[in-house]
Amino acid sequence: MRCSRRRNCAFLHSPNEFILYQTQILFFPADKYHPWMKLKITICGSKVHDVGYRPYLSELALSLFLRGFEVFNDELNDQQAVVALIEGDDARVNRFHKMATSTQPPLASVERVLVEDYQGEIMPAWQFASIGTFSQMNKAIPLLLEMRDDIKEMKGDIKEVRKNTDTIPQVLDEVRGIREDIQPGYATNFRQMQTDIRTIKERLGML
């Protein structure tokens with residue numbers, strides 16, 4: 001099968017055509033069967049680093065089955081930038097271009113998007129995805145280990161709380177005992193107070 005610029009490869013109806021198309025994307029040199037389109041998209045803003053922009057664009061590229069894809073953080077005129085290099089047939093590249101310039105991760109703050117043709121080599125998308133997976137795992141491992149230590153500490157705190165909770169019945173019994181000790185004496189004192197008040201009233205002629 002040979003895909004031309006006039007034929008949109010995103011709309012392949014035969015399963016065999018689709019499998020062949022994906023095989024060509026992964027393994028065969030581009031210039032042997034398809035004049036691929038390449039773009040360099042630079043996304044600039046006050047906050048485009050550490051907001052999930054690279055995974056966001058990577059997922060978009062893989063969902064569109066782009067032949068080539070790379071993305072990395074950079075700086076442009078002292079401003080944060082994310083640069084994406086993409087390669088594929090016109091329909092897929094244009095679709096990526098449209099979505100990358102109109103949508104963004106929730107925490108990102110984008111001020112401008114620069115789009116230009118690109119003539120250099122671009123890594124196969126599947127290869128970049130593999131490297132990105134290991135890179136994300138390397139970042140996640142220290143966080144997971146820290147979470148594990150925090151969980152251990154929390155378990156220790158919970159055990160201490162349970163120990164203190166176990167003493168509550170004992171404390172309640174002690175409070176009940178104190179109340180039982182206080183009540184007889186309190187009643188006696190109250191009766192004596194009533195008697196004294198009555199005597200005073202009699203002397204004053206109030207009764």
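Read-outs: derived from the displayed coordinates by stated rules, not from any lab. A quick note: this is a predicted structure, and the numbers were derived from the prediction, not measured. Neighbour counts run over all protein chains shown; Cβ positions are idealised from the backbone, glycine included.
For this structure, a couple of remarks:
- Residue-by-residue Karplus 3J(HN,Hα) for segment 93-100, coefficients 6.51, -1.76, 1.60, Hz, glycine and proline x: 5, 5, 5, 4, 4, 5, 6, 5
- Extension gain from S102 to E59, taking 0.36 nm per residue of separation minus the Cα-Cα distance: 13.9 nm
- As a calculated quantity, the FRET efficiency between I131 and I158 at R0 = 35 Å, using C-beta atoms, amounts to about 0.30.
- Residue-span extension gain [R112 to I197] - 0.36 nm each, minus C-alpha spacing: 21.6 nm
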